[in-house]
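First comes the structure, then the notes that go with it.
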Amino acid sequence: MSSTIAERLHQVVQMQANFALEGFEPDETDLLLQSRYVLGHVSVNEMLTYARAYAAGVKRSQLPSKQL
């Protein structure tokens, strides 16, 4: 099932609002990845892989370059 740009943008805005409530602010890399997701260049699975790696403390340099 594919989603539209508007749907993906709505998802990202909701995610950012949830993070803001928790006191988190996206950095430049996060915003770039989110933009790529909205445009359909990155899948939701790739976003989850990035988020899980980040939460696990994996350095960004160790992530596949396609995601960054």
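The values are calculated or read from the model by the stated rules, or taken from the named source; none is laboratory data. Keep in mind that what you see is a predicted model, and the values were worked out from it rather than measured. Note: ideal-geometry Cβ built from the backbone for every residue, glycine included; neighbour counts use all protein chains shown.
Some values worked out for this structure:
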{"quantity": "Those residues of the stretch 25-55 which are in contact with a helix residue (DSSP H, G or I) (Cβ under 9 Å, 6 or more places away or on another chain) and assigned to a loop (DSSP other than H, G, I, E, B), in sequence order", "calculated": "Glu25, Pro26, Leu39, Gly40, His41, Val42, Ser43"}
{"quantity": "Lone unmet requirement of (1) more than 12 Å from the chain's Cα centre (by Cα); (2) of a type outside the set (D, E, K, R); (3) modelled with pLDDT of 90 or more for Phe24", "calculated": "(3)"}
{"quantity": "Residue check, Thr29 of a type in the set (S, T, N, Q) and modelled with pLDDT under 90", "calculated": "yes"}
{"quantity": "Pick from the stretch 1-24, criterion among the β-branched types (Val, Ile, Thr) and in a helix (DSSP H, G or I), ranking: farthest from Ala55 (Cα to Cα)", "calculated": "Ile5"}
{"quantity": "Any hit, the stretch 53-60, residues being at pLDDT below 90 and touching a Ser or Thr at 6+ places or on another chain (Cβ under 9 Å)", "calculated": "yes"}
